[in-house]
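One structure is given below, encoded as C-alpha cells.
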Amino acid sequence: MPIVNIQILEGRSEEKIKEVISNVTGVMCTTLNISKETVRVVITETPKTHWGIGGVSVSDYANR
C-alpha cells in the first residue's frame with residue numbers, strides 16, 4: 001500500500017485539494033499498476049508563517 005505525503009502552503013480550495021488527491025492517485029496507479037483502493041494520499045497544509053525560505057517566513061518573503 002503506497003502512502004504519498006504532500007506538504008504545501010495553506011490557502012488552496014477544498015476543490016483543488018481533492019483534485020490533487022485524485023491526480024496523484026491516478027499517477028500512482030498507472031505507474032505502479034495498482035488499484036486506486038490501495039493508494040493513500042496525505043496532504044499537510046502549512047501556514048505561511050511556519051514555512052521558511054532563506055531564513056525568512058513565506059509570509060514575510062513575499063513582501064521583500
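The values are calculated or read from the model by the stated rules, or taken from the named source; none is laboratory data. All figures in this text were calculated on a predicted structure; none of them were measured in a lab. Ideal geometry is used to build each Cβ from the backbone, glycine not excepted, and the neighbour counts take in all protein chains shown. For accessibility, only protein heavy atoms count, side chains too; no ligands or nucleic acids. Shrake-Rupley method; radii C 1.70, N 1.55, O 1.52, S 1.80 Å.
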**Study point:** Number of positions in the range 21-47 that are under 11 Å from the mean Cα position of the chain (by Cα) and either within 19 Å of VAL58 (Cβ to Cβ) or open to solvent by 100 Å² or more (accessible area, probe 1.4 Å) (or both)
**Key:** 4
Review point. Can VAL41 be described as part of a strand (DSSP E or B) and modelled with pLDDT of 95 or more?
Key: yes
Study note, to complete from the structure: Taking the range 1-29 and keeping residues part of a helix (DSSP H, G or I) and in contact with a Pro (Cβ under 6 Å, 6 or more places away or on another chain) leaves MET28
Practice item. Go through the range 1-20 residue by residue and tally those that are open to solvent by 100 Å² or more (accessible area, probe 1.4 Å) and of a type in the set (Asp, Glu). Key: 2
